[in-house]
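Q: I have a structure I would like to understand better, so I am pasting it below and will then ask my questions one at a time.
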Amino acid sequence: MQEKKKIRAVFKEELQNLLLSLNEIEPINNGERMCIVCSKVITLENIQLLIPRSGNSIEYVCDSPTCVEAYNRKKETKP
Ligand SMILES: [Zn+2]
């Protein structure tokens with residue numbers, strides 16, 4: 001359990017740096033990014049997946065297990 005927490009913390013720091021480099025920190029802080037599955041507003045606290053798309057757009061999936069599962073299923077059905 002403790003190990004998991006540690007990994008998550010490191011991940012969060014990397015995530016912030018990544019979002020900074022993508023200029024995505026601001027839109028997220030402004031509540032302008034949403035989960036592509038449930039449309040919940042994405043925050044630094046609930047980002048589970050970040051999917052870079054062509055045209056510099058990025059899709060987000062929140063940390064809800066349902067959303068992660070739905071996204072994975074969607075990915076599988078894609079050509
Ligand atoms: Zn969601």
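Q: Within the range 22-37, can you find the residues that are β-branched (V, I, T) and either in contact (Cβ under 8 Å) with a residue 40 or more places away in the chain or farther than 15 Å from C67 by Cα (or both)? Even if it seems obvious, please write down each step before you answer.
A: Taking the range 22-37 first, the residues β-branched (V, I, T) are 25, 28, 36-37.
Correct list: I25, I28.
Q: Also, I was wondering about something else. State the number of residues belonging to the range 20-43 that are under 22 Å from N72 (Cβ atoms) and of a type in the set (A, V, I, L, M, F, W, C).
A: Looking only at that region, the number is 7.
Q: Residues of the range 43-69 being over 11 Å from L15 (Cβ atoms) and charged (D, E, K, R), which ones?
A: Answer for the range 43-69, where residues must be over 11 Å from L15 (Cβ atoms) and charged (D, E, K, R): R53, E59, D63, E69.
Q: Can you tell me which residue within the range 24-44, out of those that are near the ligand (Cβ under 8 Å from one of its atoms), assigned to a loop (DSSP other than H, G, I, E, B) and not β-branched (V, I, T), is surrounded by the fewest Cβ atoms within 10 Å (Cβ to Cβ)?
A: Checked the range 24-44; the qualifying residue surrounded by the fewest Cβ atoms within 10 Å (Cβ to Cβ) is S39.
Q: If you go through the range 55-77 one residue at a time, do you hit one that is outside any helix (DSSP H, G or I), among the polar types (S, T, N, Q) and touching an Asp or Glu at 6+ places or on another chain (Cβ under 7 Å)?
A: Among the residues of the range 55-77, not one is outside any helix (DSSP H, G or I), among the polar types (S, T, N, Q) and touching an Asp or Glu at 6+ places or on another chain (Cβ under 7 Å), which makes the answer no.
Q: So, of the residues in the range 45-66 that are more than 8 Å from the chain's Cα centre (by Cα), modelled with pLDDT of 90 or more and closer than 17 Å to N30 by Cα, which turns out to be nearest to the ligand (Cβ to nearest atom)?
A: Residue satisfying both the conditions and the ranking: E45.
The values are calculated or read from the model by the stated rules, or taken from the named source; none is laboratory data. Since this is a predicted model, take the numbers as computed values, not measurements. Ideal geometry is used to build each Cβ from the backbone, glycine not excepted, and the neighbour counts take in all protein chains shown.
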